[in-house]
Amino acid sequence: MDSSTLLYNQLKAADPFFLLAGPNVIESEEHIIYMAKNLKSIASKLGLPLVFKSSFDKANRTSSKSFRGPGLAEGLKILEKVKTTYDIPIVTDVHETIQCEAVGKVADIIQIPAFLCRQTDLLVAAAKTGKIINIKKGQFCAPSVMENSAEKIRLAGNENVMVCERGTMFGYNDLIVDPRNFEWLREANCPVVADITHSLQQPAGRKLEGGGVASGGLRELIPCIARTAVAVGVDGIFMEVHDDPLKAPVDGPTQWPLRHLEELLEELIAIAEAISSDKHAFICSGLARGRNSMKSTSLHFGRENQSRFHCVLYLHGQDRRWGKTSLAL
């Protein structure tokens, strides 16, 4: 079995989910090495399979003056160093067919950007590298489109394909996440990934001092989208993480702070485990007002045996920490 198929099978079997994570773009070798070290430490502690993500070139920018990254040659050198230093697989994106061969020599997963998800020549060129292909659903596409995109990869001789939900256009400067898409994307007959950070972009929605616009975002809602995706049962979580999002040169408003990553992942793992503990499980949510703060509650009911039910109660307070108690019914 070749290495790509081996990794693909490992990711498909991940329990409760696998993680594609890293800073949006390569800022420097020093920064990427720092982020990779910390992300591997957190993922290993929590038992999550990690694929490190960063882009060597951000070709789709709001402004021609925006930072794009180090470029193909230098960027791949840095990503290869991450791969060998920390023994973690790499995912990065391509924008042109001529990039695929070089990227395939370093990356374990080649990502197709959302705006390019229907570009047949790009999909075929990426597929022919033999690497795993992660196709992001276009913001302008129905989930059914991804069946055809995934099929293009298979017809090119590559069975190792994944599809990724990253939001749908909602007016001119906003995106919305339709949880139904996580189920409908299953029709592509491959692992489904939830991009929980790009899904909260507000394209060209932020005015700049001195004129011009840039993409904004709703970072504070990343946990909300992540909880939803995990509760539905996605196979993987894609998220861009930065040690100082306010200073990130690209997509700062939708990068999750590294210092809060472990806490968020712990919460997502707890939700995923509660959901998967019984195939007849269901979730009901509500609000319970405490003396000093508003708390949200989530009740999980799962059948322990033929005559007994088990209830797990999760309490989520203002500090974003989840408490857990259980009782038999």
- Set the Förster radius R0 to 22 Å, insert the Cβ-Cβ distance between residue 9 and residue 41 as r into 1/(1 + (r/R0)^6), and round the FRET efficiency to 0.05. 0.30
- Going down the list 37/152; 37/105; 128/247, which pairs span over 31 Å between their C-alpha atoms? 37/152; 128/247
- Message: Projecting each Cα onto the charge dipole of the stretch 1-138 (Lys/Arg +1, Asp/Glu -1 at the beta carbon, about the Cα centre), which of 21, 86, 133 comes out farthest on the positive side?
- Response: 21
- Note on the structure: In whole percent, the fraction of accessible protein surface over the stretch 1-103 that belongs to carbon or sulfur atoms, probe radius 1.4 Å, stands at 48 percent
- Message: Let me check I've understood the local charge: for residue 40, count other residues with C-beta under 13 angstrom from its C-beta, Lys and Arg +1, Asp and Glu -1. What total comes out?
- Response: +2
- Message: Could you check the spin-label model distance between residue 120 and residue 247? Points 7 Å from the Cα along Cα→Cβ, value in nm.
- Response: 4.8 nm
- For 77-88, 239-250, ranked highest to lowest by mean beta-carbon neighbours within 10 Å, the order is 239-250, 77-88
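The values are calculated or read from the model by the stated rules, or taken from the named source; none is laboratory data. Just so it is clear, the model here is predicted, and its values are computed rather than measured. Every residue, glycine among them, receives a Cβ derived from its backbone with ideal geometry; neighbour counts consider all protein chains shown. Just so you know, the surface numbers come from the protein's heavy atoms only, side chains and all, with ligands and any DNA or RNA stripped out. Shrake-Rupley method; radii C 1.70, N 1.55, O 1.52, S 1.80 Å.
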